[in-house]
Every structure is written in structure tokens, then in C-alpha cells.
1. I need the full set of residues from region 123-179 which are under 12 Å from Ile72 (Cα atoms), small (Gly, Ala, Ser) and not in a helix (DSSP H, G or I), in order please.
2. Pull up region 149-166, narrow it to residues that are among the β-branched types (Val, Ile, Thr) and open to solvent by less than 10 Å² (accessible area, probe 1.4 Å), then point me to the one that is nearest to Gly246 (Cα to Cα).
3. Among the numbered criteria (1) under 19 Å from Ser159 (Cβ atoms); (2) at pLDDT below 95, which one does Asp283 miss?
4. Go through region 115-135 residue by residue and tally those that are surrounded by 17 or more Cβ atoms within 10 Å (Cβ to Cβ) and charged (D, E, K, R).
5. Which pairs have Cβ atoms under 6 Å, sit 6 or more apart or on different chains, and link a residue in region 7-24 that is closer than 16 Å to Met196 by Cα and charged (D, E, K, R) to one that is modelled with pLDDT of 90 or more and assigned to a helix (DSSP H, G or I)?
6. Could you tell me whether Ala280 is farther than 30 Å from Ala67 by Cα and touching a residue at least 12 places away in the same chain (Cβ under 8 Å)?
7. Go through Leu268, Leu258, Leu250, Leu291 for me and flag whichever is in contact with a His (Cβ under 7 Å, 6 or more places away or on another chain) and either of a type outside the set (Gly, Ala, Ser) or closer than 30 Å to Arg68 by Cβ (or both).
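The values are calculated or read from the model by the stated rules, or taken from the named source; none is laboratory data. Computed from a predicted model, the values in this text were never measured in an experiment. Cβ: placed from backbone, ideal geometry, glycine included. Neighbour counts: every protein chain shown. Accessible surface areas use protein heavy atoms only, side chains included; no ligands, DNA or RNA. Shrake-Rupley method; radii C 1.70, N 1.55, O 1.52, S 1.80 Å.
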Amino acid sequence: MTTVHPSQTDLLRDLEPVVEANLNRHLDAAKEWFPHEYVPWSEGRDFDGVLGGEAWAPEQSKLPEVARTSLIVNLLTEDNLPSYHHEIAVLFGRDGAWGTWVHRWTAEEGRHGTAIRDYLLTTRAVDPVDLERARMRHMGAGFTNDHPAGVLHSIAYVSFQELATRVAHRNTGRASQDPTCERLLARIAQDENLHMVFYRNLLAAAFELAPDQAMRAVADVAATFQMPGHGIENFGRKSVQIAMAGIYDLRIHHDEVLMPVLRTLKVLDRADLAGDGDRARDDLAGFLGTLDANASRFTERRAAAEDRRKR
């Protein structure tokens with residue numbers, strides 16, 4: 001007997017009560033906060049240009065280089081919010097609980113870019129001219145969803161991506177060696193965690209509605225995952241720097257992003273799969289094994305390189 005899978009429209013309709021319940025849970029859990037309270041404005045002064053202030057120079061930054069690189073990547077990623085909003089609004093819709101969530105998520109994410117930029121410019125942690133030019137190039141390229149027609153693929157992606165972003169922010173804060181920066185990024189990470197929980201709960205509901213389709217979505221997304229800022233200029237080189245510093249690497253991606261979501265949802269233990277669902281679980285298990293091995297090799301090479309550097 002052929003299994004009939006729900007359509008994308010069916011999935012959106014059937015998941016809407018779950019969206020509404022989790023939207024209400026999110027609104028109860030989310031705490032209002034204000035970016036300006038986390039920025040050390042007393043450290044600020046005018047830049048050169050129309051106000052005739054002091055030009056930026058590298059020695060003005062007190063942040064380690066890798067923390068500065070990671071902060072810039074995080075900020076430029078947040079800057080592409082208009083593209084993200086467009087993608088999810090087209091996919092999820094702008095009506096009902098879905099639409100309310102899309103707009104709420106966008107508003108909360110908007111705070112993150114505002115706060116990080118204000119911190120970086122006020123503390124003179126980055127070259128403001130280079131930063132603005134990078135923003136224009138990155139936003140000019142926009143962002144396109146890798147799975148534009150896949151509701152479940154998109155839900156799976158953001159379940160992992162929001163957790164990845166939380167981890168990246170927290171680790172960047174620690175690497176900054178600046179208590180003010182760490183406090184700001186820890187606050188942003190709290191938002192990202194709530195977003196992850198929202199999407200993870202939707203993914204759990206999706207597994208109950210369409211287990212085979214949900215498993216295929218998770219397997220596909222895990223195997224092809226890339227951060228939303230991958231279009232940033234020189235992203236590959238910056239990612240290597242960030243990985244070598246232990247801010248975000250393959251081991252972190254496996255242990256602190258993919259596996260926590262998969263364990264919470266008991267994805268690999270499901271007994272209700274058939275056909276492509278079974279094949280997708282096998283694909284996922286195979287990918288996780290390969291990723292785990294690659295992560296171990298990377299950490300070993302990094303440790304060896306660190307030993308050579310210390311000699």
C-alpha cells in the first residue's frame with residue numbers, strides 16, 4: 001500500500017495549532033531587554049568624517065583578533081535579517097499564528113544586530129568603514145533558502161541553526177576577554193535559545209504528523225548544513241580562524257548542536273518509519289559517524305599545531 005504524505009499546505013495548516021501554543025509559550029518566557037543598556041557608551045567618541053573626530057586605528061581595539069573576526073561574522077549574519085524575513089514570510093505566511101511568529105522573531109533578531117554594532121563601534125573594536133562596506137556587499141547578495149519549497153526542511157534547518165548561533169555567540173563572548181562583550185552576547189544567546197526551543201518543538205510535532213518526511217528533512221539538512229552567513233566575503237577563511245580558536249568547529253557542531261536536538265527528539269530511536277524514512281535514518285546515522293570522525297581528526301590536528309607553536 002502506497003503511503004500518502006501530507007502536502008506542504010497540509011503541513012502548514014496542521015502545524016498551526018502547535019505554532020500558536022509555542023508562540024504563547026515563547027511570549028510568556030521571553031524577557032524584555034534593551035540593547036542600549038549593554039553598550040559602554042562612555043567609551044565612545046567621534047570618528048573622522050563630517051564630525052571631524054579621530055580616525056580608527058587597529059590599536060584602538062582591545063579585542064583579540066579572532067574574537068573581532070567572530071563578532072564581525074556574527075553581526076554581518078544578523079544584518080541580512082531582511083532577506084531571512086522575506087524567506088520565512090514567503091514559506092510560512094504572514095497570517096494567523098505563523099505570521100505573528102514570523103514578525104515577532106524578526107523583531108527579536110533585529111535587536112541583536114543593533115546591539116552588536118553599537119558595541120563594536122562604541123568600543124572602536126572594528127574599522128567602521130570596512131564594516132559598512134562588508135555590510136553593503138553581504139546584504140547586496142541577499143540570502144536564499146536552500147530548501148525554498150520544503151516546510152519541514154526549513155523547520156529542521158532553523159532548529160539546528162538557532163542552536164548553532166546561540167553556541168557561537170556564547171563562545172565568542174568568552175573569547176573576547178571583555179566582560180561587557182560577554183554579557184551582551186550571553187543576553188543575545190538567551191533569545192537564540194528560545195528560538196531554538198520554538199522550532200525544535202515544531203520539529204517534534206512534524207515527526208508525529210509525517211515521520212518519514214521529517215526524517216528525510218533532518219537527514220538532508222544535517223548533511224548539507226551551513227550557517228546563514230556563509231555568503232559573507234572570505235567566509236571560509238574566517239570560519240577556519242574561528243574553528244582554530246575553538247569558538248565553533250566540527251566537534252562543537254556535532255556534540256553541541258546536532259546531537260542535542262537529535263537526542264531530545266529521539267530521532268534515531270523512532271519506530272514509526274518506513275520506506276524513505278528508514279533510508280533517511282540510515283543516511284543520517286552514516287553522516288553523523290563521518291562527522292564525528294572528521295571532528296576528531298580536526299581536534300587532533302589543531303592540538304598538534306598548538307604544540308608546535310609552543311615549542
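1. Correct list: Ala125 only.
2. Start the filter on region 149-166 by keeping residues that are among the β-branched types (Val, Ile, Thr), which leaves 151, 155, 158, 165.
Narrowing further to those that are open to solvent by less than 10 Å² (accessible area, probe 1.4 Å): 151, 155.
On the way: Val151: 33, Ile155: 27 Å.
Across region 149-166, the extreme among qualifying residues is Ile155.
3. It is condition (2) that Asp283 fails.
4. Summing the residues that are surrounded by 17 or more Cβ atoms within 10 Å (Cβ to Cβ) and charged (D, E, K, R) in region 115-135 gives 5.
5. Close Cβ pairs satisfying both conditions: Glu20/Ala97.
6. On the way: farther than 30 Å from Ala67 by Cα: yes; touching a residue at least 12 places away in the same chain (Cβ under 8 Å): yes.
Answer is yes for this residue.
7. Working: Leu268 fails: in contact with a His (Cβ under 7 Å, 6 or more places away or on another chain); Leu258 fails: in contact with a His (Cβ under 7 Å, 6 or more places away or on another chain); Leu250 fails: in contact with a His (Cβ under 7 Å, 6 or more places away or on another chain).
Step by step, each of Leu268, Leu258, Leu250, Leu291 is checked, and only Leu291 is in contact with a His (Cβ under 7 Å, 6 or more places away or on another chain) and either of a type outside the set (Gly, Ala, Ser) or closer than 30 Å to Arg68 by Cβ (or both).
Residues checked against (1) open to solvent by less than 50 Å² (accessible area, probe 1.4 Å); (2) at negative phi; (3) touching a residue at least 40 places away in the same chain (Cβ under 8 Å):
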| position | (1), (2), (3) |
| --- | --- |
| His36 | no, yes, yes |
| Gly44 | yes, yes, yes |
| Asp48 | no, yes, no |
| Glu59 | no, yes, no |
| Ser70 | yes, yes, yes |
| Asp95 | no, yes, no |
| Glu109 | yes, yes, yes |
| Gly113 | yes, yes, no |
